[in-house]
Amino acid sequence: PQQNRETMVAKTATLALALFGGAEALTIGAAPMRSISRSCNIEMAKKSVGDLSEDDLKGKKVLVRCDLNVPLDGKTITDDTRIRASVPTVKYLVEKGAKVLLSSHLGRPKSGPEDKFSLGPVAPRLSELLGKEVVMAPDCIGDGVKACVDSMAEGDVLLLENTRFYAEEEKNVPEFAEKLAANADLFVNDAFGTAHRAHGSTEGVTKYLSPSVAGFLLQKELDYLDGAVSEPKRPFAAIVGGSKVSSKIGVIESLMEKVDKIVIGGGMVFTFLKARGLETGSSLVEEDQLELASKLEKMAAEKGLTL
């Protein structure tokens, strides 16, 4: 039924945040989730690209946030898994007659455009996988992009340049998000690995584009996670990674209500180790979170969990 298709349990997003580092926002449709719910009974609106018909898409300019952050050896792609994962959503939009604008980041540019972080090598590989030309834009915003979009026909695909060439992307500056959204009519988020980040290309653009929906890859991952949480096979373990304990408090506390074991990884493991009185050398430690780490371990023990 329609009502079931347009609702989802917030615990799915909670686990997604846990798996990908617990950040500030997960945008599904036009409703950004800015904090981690500690309740499993909250539902939030959801819509998938599959709910959009040809009438909804034909001739429309669709901005798709993909995860095209592929490993490169110079200009050679060494693993195209993420590109392949984006294909189903792009193909669907193309077949429905949309004009498809793809956005993504690649690597960690430090101060503006860097050739080694250009998405240029991705365009020819996407062209091969889609069986049609994917045009590479000179930028992700500005007059050059507008000119490319103005020349697009129905079913054309345009790959925008690395969004992180602008510092405003990660800071989610509204003016940048507005410029990114200016060339599109609606938004599809298909980048599960970055959906938890409140950046301009993931959360910011949803304020200027409607509808904003999930792509097939994002939908697939969320459906899987929902099932994993709703009817888990026991013993049920969760791996929580990242560098900071302080940004994972809600995630860890929430998971304690659902799992049998929590495995701490990433840089934040050293905060837990130091809280146990162990030597951590020069490894990253949040000195102001040592008491919290000890508290979380105590909470886990009281619940009979292994941490």
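The values are calculated or read from the model by the stated rules, or taken from the named source; none is laboratory data. Computed from a predicted model, the values in this text were never measured in an experiment. No Cβ is skipped: glycine too gets one built from the backbone with ideal geometry, and neighbour counts run over all protein chains shown. Accessible surface areas use protein heavy atoms only, side chains included; no ligands, DNA or RNA. Shrake-Rupley method; radii C 1.70, N 1.55, O 1.52, S 1.80 Å.
When the residues of region 270-289 are filtered to those that are among the aliphatic types (A, V, I, L, M) and open to solvent by 40 Å² or more (accessible area, probe 1.4 Å), which remaining residue is nearest to the chain's Cα centre (by Cα)? It comes out as LEU284.
With the condition kept exactly as written, say whether any residue in region 24-41 is modelled with pLDDT of 95 or more and open to solvent by 70 Å² or more (accessible area, probe 1.4 Å). Write out each step before concluding.
Initially, region 24-41 is screened for residues modelled with pLDDT of 95 or more, giving none.
No: zero hits.
Residues satisfying the criterion are present in region 70-77 (criterion: in a loop (DSSP other than H, G, I, E, B) and within 19 Å of the chain's Cα centre (by Cα)).
Out of ALA214, ALA184, one residue alone is small (Gly, Ala, Ser) and within 27 Å of ASP143 (Cα to Cα). It is ALA184. Every test in (1) over 23 Å from ASN189 (Cα atoms); (2) in a loop (DSSP other than H, G, I, E, B); (3) in contact with a helix residue (DSSP H, G or I) (Cβ under 6 Å, 6 or more places away or on another chain) is passed by GLY304 save one, and that test is (3).
For SER212, the criteria (1) more than 23 Å from LYS61 (Cα to Cα); (2) open to solvent by less than 10 Å² (accessible area, probe 1.4 Å); (3) hydroxyl-bearing (Ser, Thr, Tyr) hold in every case but one, which is (1).
Against the test of being at pLDDT 95 or above and on the phi > 0 side of the Ramachandran plot, the options ASN183, ASN189, ASN172 yield a single qualifying residue, ASN172. Run down GLY266, GLY241, GLY250, GLY200 and say which single residue is among the small types (Gly, Ala, Ser) and at pLDDT 95 or above. Of the residues listed, the single one that is among the small types (Gly, Ala, Ser) and at pLDDT 95 or above is GLY200.
When residues in region 222-261 are screened for being buried (at least 19 other Cβ atoms within 10 Å of the Cβ), hydrophobic (A, V, I, L, M, F, W, C) and either in contact with a Gly (Cβ under 9 Å, 6 or more places away or on another chain) or under 20 Å from SER283 (Cβ atoms) (or both), 4 of them pass. Pairing residues of region 286-307 that are at negative phi with residues that are among the acidic types (Asp, Glu) and not in a helix (DSSP H, G or I), at Cβ distances under 7 Å and at least 6 apart in sequence or on separate chains, gives LEU305/ASP260.
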